[in-house]
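First comes the structure, then the notes that go with it.
What follows draws every value from the coordinates through simple rules; no lab data is involved. The shown structure was predicted, so the numbers you read here are calculated from the model rather than taken from an experiment. Reconstructed Cβ throughout: ideal geometry from the backbone, glycine too, with neighbour counts over all protein chains shown.
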Amino acid sequence: MEKKVYSTSGKELRTITLDDKVFGLPVNDDVIYYAITNELANRRVGTACTKTRAEVHGSNNKPYKQKGTGNARRGDKKSPITVGGGTIFGPKPRDFSYSIPKKEKRLAMKSILSSHAQGDRLTVVEDFTVESGKTKDLVAILNNFAKDERTVLILKDDDAKIKQAGRNIPNLSFLAYNRLEAHTLFYGRKVIILESAVKNLSDFYAEDKEAK
């Protein structure tokens with residue numbers, strides 16, 4: 001697959017060949033769903049906690065006698081049917097995280113990249129950085145490719161200057177080529193990838209590496 005490479009000013013520079021094993025695969029909606037669900041589950045803290053009637057502080061005495069009052073029969077004030085009583089089947093701290101096969105997760109990332117590339121939502125830009133670390137300098141570059149859209153910028157490395165410049169930009173996410181996130185990548189309306197990151201992605205998701 002051929003893609004145009006743009007300068008930071010939005011001008012066409014050259015073309016680049018995208019690896020079909022990473023950017024030209026049939027989109028597998030099932031593995032994308034599994035990968036996103038897995039990521040969201042692993043983000044859950046799982047600290048919600050309620051008290052059962054055994055854990056609620058209070059007396060074990062009956063509030064009134066069993067017979068003769070005209071009221072319904074009931075136990076102590078810790079009963080779940082009373083205000084301030086225990087909770088029936090309430091949440092307890094738990095671990096929601098789980099793992100999925102590595103091959104399945106890698107296939108999900110390649111399917112998402114292929115979906116964006118085939119849907120013309122992926123733009124390749126020449127390598128750049130923001131030496132000043134200022135937001136306005138990065139905004140000037142991004143406005144040539146995406147405006148008021150949920151944008152994902154895939155970096156060739158952990159560029160602290162670009163991240164510093166973009167941390168105040170709404171709807172902008174940064175991903176390193178070797179630490180992609182299915183949820184962030186899938187819901188990006190515009191994916192901007194640096195030219196060097198294209199080669200890095202092709203090497204990182206190469207079939208021969210998966211076989212090791």
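Tabulated results
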read-out	value
Extension gain (nm, one decimal) between R44 and N71, 0.36 nm per residue minus Cα-Cα	5.3 nm
Region 1-108: relative contact order in percent, alpha carbon pairs under 8 Å with at least 6 residues between	28 percent
Percentage relative contact order, the chain, counting C-alpha pairs under 8 Å, at least six apart	25 percent
Unit Cα scatterers, Debye sum, region 119-170: log10 I(q)/I(0) for q = 0.15, 0.16, 0.28 Å⁻¹	-0.39, -0.45, -1.38
Descending principal axes extents, region 99-206, alpha-carbon based, whole Å	41, 26, 24
Contact order relative to length of region 95-212, as percent, for alpha carbon pairs under 8 angstrom and 6 or more apart	34 percent
Dipole in debye (nearest 20) - the chain, about Cα centre, beta carbon charges: Lys, Arg +1; Asp, Glu -1	1980 debye
GNM result for the chain, Cα springs below 10 Å: residue of K105, K163, K147 fluctuating most strongly	K147
Estimated FRET transfer efficiency when R0 is 41 angstrom, pair R14-R167 (beta carbons, to 0.05)	0.85
Gaussian network model of the chain, Cα within-10 Å springs - most flexible of Y33, Y64, Y187	Y64
Reduced Cα scattering model of region 48-104, Debye log10 I(q)/I(0), q = 0.19, 0.21, 0.30 Å⁻¹	-0.75, -0.83, -1.17
Under 13 Å from the D120 label point (7 Å along Cα→beta-carbon), backbone N, region 1-24	4
